[in-house]
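The values are calculated or read from the model by the stated rules, or taken from the named source; none is laboratory data. Worth saying up front: this structure is predicted, and the values here are computed from it rather than measured. Every residue, glycine among them, receives a Cβ derived from its backbone with ideal geometry; neighbour counts consider all protein chains shown.
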Amino acid sequence: MILLLLLATALRFHDLGGKSLWVDEANTVLIAGGGLWEIIESMRLDSSPPLLHILLHYWMKVFGDGEAAVRSLSAVFGVALVGCVFHVGRRLLSFEGGLIASALVCVSPVQVLHSQQIRMYALLPTVGLLSVYFLWRAMRDSRSRFCIAYVAMTLLGLYTHYYMLYVLPVHFLMLLVGGSLRRRLGAWSLCAAVVAVGFLPWIPIFVAQMSETGHYSWLRPLWEQRGALNALRQTLDTFAGSIASMSSPIRNPAHFLIWERLLVFGGLALWGLVHRTQADTRHRMHPGSRSAIAFLLVVPLAIALVVSAVKVPNYVPGRCDQLMFPAFSLAVAAGLVAVGPALLRYALVTAMVAVSAAALWDWYGAPTPKGDKAMAQAIIEYAEPDDAVLCTSLTRASVEYYLERAGAPVQVLSFPRHVARHRGNLDARRLLQDPEGVRTEARAVADELRSAIGPSGRFFVVLAKRPINRFLKQELLDPAHSTTLRDFGEFGQLVTHHRVRVTLRSLTPAQQ
């Protein structure tokens, strides 16, 4: 286990600052850079709770705000998950089961990816798993310290990601199936009340966030095109040793043995759940142990798929589903432990690790694209006092992060302007339903730019190739309004894969 933890550390901290911060990462860092009250107010326009941003706020005070520094917080969470899976697996399954499950998590390509991005998807599975585990311990041992730990982990989960709401039915089902709900109704009601009171201060901001329908507008066309079954297949693909997630900066990772991997991993997980449900009396487990893994894997997954299919698409394969990944790994480990002889069992484990290693090879070996950091560096090299930078669509967060770190003497503007208030959210499809409104916004941005730049009339444009930006071209970027002084070429945004052209322009004398 010590060797596994060392390996997990090496995999997660390797080349931690080698890739640019992408839009969501940079937005997270910029929010966390404010004061605590500023963070909370900024979250009104976000779709997440504030725990990661608050933790990152204090983390940066100690370690700085460089790429490796901010991402190291996620790397620590990723290593902690490996240790937690071993401990929980040792209790719920066996020592061997815990070791196998932690090995699968250790080399999981998608978990390594999230451990190298400053987002909440390395922390979420840890607190989700511990919430279920401490509930099981409280059910089995009836000790107050486990009840306190259960309440604490549940609250931490709720303040990490709203997908933790889907774990609350898991708790109820565990209590119901284990018979503890009937025997200790008062105690569990008190725990539920403490969780509710602890989350109550955040409810006004939660309601404000839920009233903003554009948070997942980018996901709707993908969901309509692929549907629930494809989302489920992609989740299983990432659980089964692939890195081809929607949050991967690699456009074409190695895809091989797809259906073979899905069959082996999925079959072992199913066998593991069946095997655990058949009461193995040799382990003398509390009844809740036989249902905890199954409930944590199946219930949040089912709820998220149903909500996305009938209401608002919010299920993002390769991201939110990481909440269920520890339970999947434990189910696979339970299936492997039930496989005999031992030679076959460890041949399967070796093959699974090899599959993950091949995907990790793609992740580490992928060439660093000419992306977000390169855009900012081009601007930094040629920026002069009184210049302005106009960022379009969702290009501002990463550019602003690197410009601020370099102390570039420029003012950053956005089109549309509301992106300046939340650099990671833009519902372009809704805006395009009102073309005249977008045209008016483009004129207002052009006027704001003219007021911001100095006598030279110079400004940089970070122009994403998105339909909404054609209105800005008409109002500001055609030859009648401005001319190109230098074209820095095209860049590719990480993760979103949008093509972006950066130019240095000057207003025409008439426009000045």
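Values for this structure:
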quantity	calculated
Subset of the range 417-450 [over 32 Å from the mean Cα position of the chain (by Cα), within 30 Å of residue 43 (Cβ to Cβ) and not hydrophobic (A, V, I, L, M, F, W, C)]	437, 440, 448
One residue from 396, 429 being part of a helix (DSSP H, G or I) and surrounded by fewer than 17 Cβ atoms within 10 Å (Cβ to Cβ)	429
The one condition in (1) under 30 Å from residue 372 (Cβ atoms); (2) at pLDDT below 90 that residue 260 fails to fulfil	(1)
Test for residue 360: is it modelled with pLDDT under 90, under 28 Å from residue 83 (Cβ atoms), over 20 Å from the mean Cα position of the chain (by Cα) and assigned to a helix (DSSP H, G or I)	no
The range 201-216, residues that are assigned to a loop (DSSP other than H, G, I, E, B) and of a type outside the set (Gly, Ala, Ser)	212, 213, 215, 216
Unmet criterion (only one of (1) surrounded by 20 or more Cβ atoms within 10 Å (Cβ to Cβ); (2) at pLDDT below 95; (3) farther than 28 Å from residue 353 by Cα) for residue 47	(1)
Test: residue in the range 152-174 that is exposed (fewer than 14 other Cβ atoms within 10 Å of the Cβ) and farther than 20 Å from residue 80 by Cα	no
First in the range 63-74 and without any contact (Cβ under 8 Å) to a residue 12 or more places away in the chain, second anywhere and buried (at least 22 other Cβ atoms within 10 Å of the Cβ) and among the polar types (S, T, N, Q), Cβ under 6 Å, 6 or more apart	none
Qualifying residue in the range 31-52 (condition: free of Cβ contacts under 8 Å to residues at least 24 places away in the same chain, over 27 Å from residue 107 (Cβ atoms) and under 17 Å from the mean Cα position of the chain (by Cα))	yes
Qualifying residue in the range 127-139 (condition: hydroxyl-bearing (Ser, Thr, Tyr), surrounded by fewer than 17 Cβ atoms within 10 Å (Cβ to Cβ) and in a helix (DSSP H, G or I))	no
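Residue by residue, here is whether (1) crowded, with 17+ Cβ neighbours inside 10 Å; (2) part of a helix (DSSP H, G or I); (3) in the same structural domain as residue 211 (by TED's automatic domain parsing); (4) among the hydroxyl-bearing types (Ser, Thr, Tyr) holds:
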position	(1), (2), (3), (4)
38	no, yes, yes, no
42	yes, yes, yes, yes
60	yes, yes, yes, no
68	no, yes, yes, no
72	yes, yes, yes, yes
80	yes, yes, yes, no
90	yes, yes, yes, no
112	yes, yes, yes, no
